[in-house]
Amino acid sequence: MKGELEKIFKRLYFVFGPQHWWPAQSAFEVIVGAILTQNTSWSNVEKAVAVLRKNKLLNARRMQRMPVRRLAGLIKSSGYYNIKAARLKSFLEFFSRHYSAKLGDLAGQEPAVLRKQLLAVKGIGPETCDSILLYALGKPVFVVDAYTKRILSRHGLAKEDAPYREVQDIFMRNLKPDVKLFNEYHALLVKLGKDYCRKQNPKCEICPLRSIKKD
DNA sequence: CACCAGGCAAGTA
DNA sequence: TACTTGCATGGT
């Protein structure tokens with residue numbers, strides 16, 4: 001399995017090159033994007049983030065002062081805007097209550113502790129949590145999303161209904177805990193998923209991984 | 001038109 | 001515990 005995962009990474013990197021994730025100008029912007037992109041295309045999120053930037057709201061303190069009603073109106077393009085505005089608020093409350101809204105303090109926390117705390121925040125599930133840990137805070141945690149599961153199961157490397165932690169463990173037990181590697185690997189899996197591993201119209205016959213065999 | 005997108009929580013039995 | 005449903009915009 002170890003060699004298999006490394007082989008897949010090398011192939012993806014050779015084919016697609018670096019993906020430059022996470023596209024954002026600050027750690028806080030990554031966190032906001034991670035919440036807004038839940039079950040939503042990134043292009044819709046970009047528009048919402050642009051609106052927030054224009055309104056100088058890519059800042060924890062200012063965003064927290066904004067009424068949730070108005071915040072929701074600003075992020076409409078990202079979909080589920082009422083839910084997501086509430087989720088941004090619940091994160092902000094946690095962030096200011098436990099870390100004084102300081103990113104440095106947040107990043108200084110132990111990954112295992114932080115993971116448990118973030119998962120307890122309403123609106124932050126496993127993927128959003130791990131995206132924050134890896135892409136905003138630089139912790140060596142592998143992010144699993146729908147594409148990751150689909151790609152692994154289609155290549156016989158995981159059960160189709162494998163739970164989040166099980167898929168995550170496949171990567172984390174077999175790869176060095178390297179932030180750069182985890183960053184690029186997950187981004188490449190999303191790229192592969194978008195281009196060749198959609199739910200409908202999967203282009204398996206021309207997938208760059210089609211010749212990768214296990215054992 | 002149907003279907004999907006870098007999920008999550010709440011409701012039901 | 002194991003399904004199901006609501007949330008919502010914008011692109012293919």
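Quick notes on this one:
- Subset of segment A:161-208 [within 12 Å of A:T148 (Cα to Cα) and among the aliphatic types (A, V, I, L, M)]: A:A162, A:V167, A:I170, A:A187, A:L188, A:L189, A:V190, A:L192
- Any chance A:P202 is touching a residue at least 40 places away in the same chain (Cβ under 8 Å), assigned to a loop (DSSP other than H, G, I, E, B) and under 23 Å from A:K7 (Cβ atoms): yes
Condition check ((1) in a loop (DSSP other than H, G, I, E, B); (2) of a type outside the set (S, T, Y)) across all residues:
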site	(1), (2)
A:F14	no, yes
A:W22	yes, yes
A:F28	no, yes
A:I31	no, yes
A:T40	yes, no
A:N44	no, yes
A:A50	no, yes
A:R53	no, yes
A:K56	yes, yes
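- Close pairs from segment A:42-61: first within 16 Å of DNA strand B (Cβ to nearest atom), partner in a helix (DSSP H, G or I) and hydroxyl-bearing (S, T, Y), Cβ under 6 Å, at least 6 apart: A:N44/A:S77; A:N44/A:S78; A:V45/A:S78; A:K47/A:S77; A:A48/A:S77; A:A48/A:S78
- Test for A:K180: is it more than 16 Å from DNA strand B (Cβ to nearest atom), without any contact (Cβ under 8 Å) to a residue 24 or more places away in the chain and either part of a helix (DSSP H, G or I) or among the basic types (K, R) (or both): no
- If you go through segment A:58-111 and keep only what is assigned to a loop (DSSP other than H, G, I, E, B) and of a type in the set (K, R), you end up with just A:K102.
- Qualifying residue in segment A:66-78 (condition: of a type in the set (S, T, Y) and either within 11 Å of DNA strand B (Cβ to nearest atom) or more than 25 Å from A:G138 (Cβ to Cβ) (or both)): yes
- For segment A:102-130, filtered to residues that are away from DNA strand C (no atom under 16 Å from the Cβ) and crowded, with 18+ Cβ neighbours inside 10 Å, the residue that is nearest to A:I35 (Cα to Cα) is A:C129.
- Taking the criterion of being basic (K, R) and surrounded by fewer than 12 Cβ atoms within 10 Å (Cβ to Cβ), the residues of segment A:151-183 that qualify are A:R165, A:R173, A:K176, A:K180.
- When residues in segment A:142-163 are screened for being modelled with pLDDT under 95, part of a helix (DSSP H, G or I) and small (G, A, S), 1 of them pass.
- A:L88 in contact (Cβ under 8 Å) with a residue 60 or more places away in the chain and either crowded, with 18+ Cβ neighbours inside 10 Å or out of contact with any His (no Cβ under 8 Å at 6 or more places or on another chain) (or both): no
The values are calculated or read from the model by the stated rules, or taken from the named source; none is laboratory data. Here the structure is a predicted model, which is why all the values come from computation and not from measurement. When we count neighbours, we look across all protein chains shown, and the Cβ atoms used for this are built from the backbone with ideal geometry, even at glycine.
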